[in-house]
Amino acid sequence: MRNLKLLKSLQCSELQGLGSPQCFSVRSDTGSLLIASQFSVVEYNPQSGEVVSEASLTADGYLPEDGSGLVVGLQDLAELQSACLATAGGDVVLFNLNTSQLECVGSVDSGLTSMSWSPDEELVILTTQETVIMMTKEFEPVTEVGIHQEDFGEKFITVGWGKKETQFHGSEGKQAAQRKIQDVQPAVAWDDRKPRVTWRGDGQLFAVSAICPQTKVRVWNREGVLQATSEPINGLEQALCWPSGSLIASSQRHPNKHSVVFMEKNGLLHGDFTLPFTKDQVKVKELLWNIDSSVLAVWLDDLAAGGDGKLRSYQLWTVKNYHWYLKQSLDFDRDPLKAPVCICWDPEHPLRLHVVTHNWTSFTYDWGWTTERSPGLDVTDDAGVAVIDGDKLLVTTFRQSVVPPPMCSFELRLKSPVNQVTFLCEATRTNKIAAFTSDGQISIFGKVTAPQDDPLAVRQLLWLQDELFFAVTSGVLPNSQIEVDGVVISVVYSSQTRTMALQLEDGQIKKLLWCPELSVEDWLDSSGCIINFPVPCIQTALCCIGGTEHLLGLTERSHLYAGDTELASNVSSFAVCDDFLLITTHSHICRCLQLSTLTLRLQVALSSDGGQNDETLRRVERGSRIVTVVPQDTRMPRGNLETVHHRALVLAQLRKWLDLRFREAFECMRKLRINLNLIYDHNPKVFLENIQTFITQLNSINHINLFLTELEEDTTCTMYPRPEGSPSQTQPASGQKKVDVVCDALRTAMESMDPNFCLSILTAHVKKTVPELEIALQKVHELRKPPEAAGAVSAEEALKYLLFLVNVNDLYEHSLGTYDFDLVLMVAEKSQKDPKEYLPFLNMLKTLEPNYQRYTIDKHLKRYRKALVHLSKSEEHFIEVLQLVKEQKLFSEALRLYAADSSQFKLSCAYAEHLVEQQQAEQAGLLLWRCGEPARALQAFTSCSSWRNAICVAQQIPLPPDQLALLARDLAKLTEQRRYSEAALLLDQYAKIYMHNRQDITETNLKPALLEVNTQKGFLETQVATFIRHRSRLAVVREQKEKARLDMLEEGPDCGDAELYSEASSVMSGSKYSQSNSRISRSSKNRRKAERKKLSLKEGSPMEDRALMHAMSEIITAVDKMREIHGLLKALVLFQFDKQAEKLQLAYEDALQMMEGAVPEVWPEGLVTGPNSTANSIMASFQQQQQKPAALQQ
């Protein structure tokens, strides 16, 4: 849905030469024109208007001096720095562009009719009236064959379908089988009868058209071997062109129309399009594809005035969706001197066309692709897109319909072909269209004349107000005008800020002020500096980024600029809509960015892939481009059209509606499948304060039910994050969960508004985090009463709806829990249950006493606590109570239900037995002691070493002194638990074992124990030796790893991780461990075991250095815990063991000093070490220390 928009045109009339131009070519390296006439060849620079070089063709006799000579071909040869031209007399001449010398490289006595070079300039085809001559670029003959071949060629294919009489003829009917083959008509009278040569874009094949006696097209390969010959075609004309595609273009005159036809390389017709002329109105002189085969130029001569060909015109055609569009029409003056004689596409710029007239005037036109869309920003804009198709405007209003081209919403037909179209830039009236036609008329449901002397004199047309147009022209218009120093290639206008920006061909940006008078000034930034584009841009738009107005521009190389700042380098199209910038990239992504929060550092936003819930990002089809933007929509072409509701645009509109316009927001969310939780999550406070407005606006039970059933977690934290800079909304401080808050609020509001919301009220009960099914069933039961209001929901309907929300078996169980048998029967009848299953059970329940009945129901529903409550009210069922308590471990609940009597005694004993089984003997002993079982309590206390409670119970029984002493001796086994002081107290006070005045104990027990100091000393020496060994090994390991790191730096100095090798082992080995552990779900004990396995002290292990440091840290911790030897040293000195004390003290002091001195060596600066550090903390500090060198390198 794109049009060709004229960016700039250049007219040069300074060149004057003898005769008239006959052939011309464009130099690819300099852009200058090579023009040959019947007298000379000239290199001319249209930018400067200067003649670069010139040589006479008559001085050396290549052409006659009387001007009757003819140049049949001219080609620039960039590799040879020369131009090759061929004359009708048969000479092939090289024109040296550096020395301006002519050299004849060959001659054909019979004369030449055409010359054509291959695209790679390796071969040249010369034709006479009867032969085809192929030569190399050194002008060595390759082959010479006759044009008129009898053979079809090598690619002849027959499918064996039999005779014409037996074939299927489709819509032509059976009469086609009897129709006689018409004789092929000869060529038209105005045909020049000269052969035409055209190369395929890849240079592997070329086609030659010649008359014999009708026009035929023959296809040859690079070796000069005939490949195929076209079928006889009536009315086939002289024009011939083969693009980079697979189809050859020519023209054909039919009895009732004039067409451009396409042929395959085997010569068969394959498609066409009709020219907008009658049969004998024009002749097609030439067809020319541009360099990328996107535009076909058709050169037409008028035959209406007796075949004098006074009117010359060019048409530019493009194709999309198998439909050919006429995009531009260039009608030249009837003056023969101003009529064009040569036309050529630029070899470097696909949309640049060069034209030379009889009077040596040259025209250079530069077009660009553009999408003409209406500029409206509100709902009054229909989002119209206008497509030019000859004298028709195909208008599609995307707000009402999405119609793929070439179809449209409606057509506007004009009297002349349309060259430009524009929409009115005035707010609320942006649906009006103006068209500028090739005859110089501006049509707005009427006409405004814009006089023009040259074709396409008026360009960059903008419709600003009802009677105010803006245009760029190289001439003079009768209305207000201002001269701009430079060539304007684009104009853009913002209806919001009323700013108009101009872009010149060198990238300069100008601001046009048109109130109160026209003036042009430089585009300045906030600091007063002049802002220009680094390179010219093919698409521009005005927008505000961060509160400052910027001019955005997209270049041919996909770079997006804001003034002189590059925003992105991978952009295929962009559009500005209200406060959003939409961008499509060549990586098939559409980004929708909010301009108010955007900065000029757009590269960072585009480079990030975004999270799963990034609303600014959307994947699109390969090659998608933005056509237009409607509020909440973007539409992009992928052959046809794809309607895309970009999440960022949709959410931005929803956030505006969700303040109070709940109806519009709900319909949009339901249509586009936006999670309905956003209605509440956007602003919980506003929703709860206006909950009755929400219900009133929706006014639909189904919609309210849909909202309730979708309630879940806060979507603004997961699915739809809030935009940056937006205020965060606080949740209600009630402590309830969100689902419960919304359900309760809606239920309360609906109960106070209208009884017809019964189904929604049931939904609110069921949807809560703990479904209130009993309450919902009770409400259904209440509906069995005759309804008071008309249209009220019946109990049957309510129950059927409830069964839709809840599993029928669950609902049956909950109905049974209401103890209402009528409700149970009502639910059971709706279920799939067999009455034989539930009726006997219900009949049995009806025969039971009420409390026992409810106990039975609760036990059946596994509601054991409720069952216990009901059963405790029947004293005759205490045995069942005790059994239920034991089975379901409901001892605490049972003790609350019974007073301090015999029943509680039995429950306490049962509870105590249960506690003993659970290894909680002390609590069991307390219960037994409480309920008067001191003997069993004593046994429980003794088993758990609760000696104080045991002594108290023993004294309460009371036990005889000898048994009490025996009990104390048994309890004195506390020494096994290292509770020596308590064991001594028991033996002293209750076992009556007196240890006082025993001087012999010092000699028999204390001194031998002190002499065991050698054990402490041996342990200390072992720890020191192990520490020294680990320390030495650590130095060796670190040296090896430093050497490995240096070797790596020598091999690859750019390795960013090389510094890590000084402190870490092989990354590959380390990653193996991490991968194997990550695949297995381990318990915390097993994970710690796996971590310990990593720290192996085996030499050469991946983490040997870390393991050594971990082992030395444990040694330091163990030695630090030996500080208790201070008391041992005092006792040794007291009993005159001075030598032993001295040796132990020196050994401990040496060990501490050695380890303290080794700390800086083992643990570099910055590591957390010491006796109070754990292995994990030391390892974490060590890893941080490793990362510092890498951070310093970055």
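The table that follows gives values for the structure above.
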{"read-out": "Rounded to the nearest 10 Å², the accessible area of residue 498 at probe 1.4 Å", "value": "130"}
{"read-out": "Rounded percent of accessible protein surface that carbon and sulfur make up, region 658-888, 1.4 Å probe", "value": "51"}
{"read-out": "Neighbourhood net charge (14 Å Cβ-Cβ; Lys/Arg +1, Asp/Glu -1) for residue 1120", "value": "-2"}
{"read-out": "Probe 1.4 Å - accessible area at residue 401, Å² to nearest ten", "value": "40"}
{"read-out": "Average accessible area per residue (Å²) across region 342-455 - probe 1.4 Å, nucleic acids and ligands excluded", "value": "38"}
{"read-out": "Solvent-accessible area of residue 620 with every protein chain in place, 1.4 Å probe, in Å² to the nearest 10", "value": "20"}
{"read-out": "nm² value of the averaged projected area, convex hull over the Cα atoms of region 343-439", "value": "8.4"}
{"read-out": "Amide hydrogen neighbours beyond the local backbone of residue 147, cut-off 5 Å, H modeled", "value": "131, 132"}
{"read-out": "Label zone at residue 99, where the point sits 7 Å out along the Cα-to-Cβ direction: region 25-69 residues whose backbone N lies under 17 Å", "value": "53-56, 60"}
{"read-out": "Anchor residue 1121: aspartates and glutamates whose Cα lies under 19 Å away (excluding residues fewer than 8 positions away in-chain)", "value": "1012, 1021, 1149, 1150, 1156"}
{"read-out": "Hydrodynamic radius of region 827-880 per Kirkwood, over alpha carbon pairs, in Å", "value": "12.2"}
{"read-out": "Ranked packing of 764-777, 571-584, most packed first, by mean Cβ within 10 Å", "value": "571-584, 764-777"}
{"read-out": "For region 658-888, diffusion coefficient by Stokes-Einstein and Kirkwood Rh (Cα), 10 °C, 1.306 mPa s, µm²/s", "value": "78"}
{"read-out": "Filter on 194/216; 216/392; 279/320 - keep pairs with C-alpha separation over 23 Å", "value": "216/392; 279/320"}
{"read-out": "Karplus 3J(HN,Hα) series, Hz, for region 395-403 with 6.51 cos²θ - 1.76 cosθ + 1.60 (x for Gly, Pro)", "value": "10, 10, 9, 6, 5, 8, 7, 10, 10"}
{"read-out": "Under 5 Å, built H, 5+ apart or other chain: amide partners of residue 328", "value": "316"}
{"read-out": "Straight-distance crosslink candidates among aspartates and glutamates, where the alpha carbon sits under 12 Å from residue 767 and sequence neighbours closer than 8 are dropped", "value": "710, 712, 740, 744"}
{"read-out": "Within the accessible area of region 194-282 (1.4 Å probe), percent carbon and sulfur", "value": "51"}
{"read-out": "Enclosed volume per residue, in Å³, of the convex hull spanned by Cα atoms of region 50-95", "value": "89"}
{"read-out": "Above-threshold pairs, the threshold being 21 Å between Cα atoms, out of 737/768; 785/862; 768/800; 1041/1098", "value": "785/862"}
{"read-out": "Region 658-888, accessible area per residue, ligands and nucleic acids excluded (1.4 Å, Å²)", "value": "53"}
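The values are calculated or read from the model by the stated rules, or taken from the named source; none is laboratory data. Quantities reported herein were computed from a predicted structural model and do not represent experimental measurements. Note that we place each Cβ from the backbone using ideal geometry, even for glycine, and neighbour counts take in every protein chain shown. Just the protein is used for accessible areas: all its heavy atoms, side chains included, with ligands, DNA and RNA removed. Shrake-Rupley method; radii C 1.70, N 1.55, O 1.52, S 1.80 Å.
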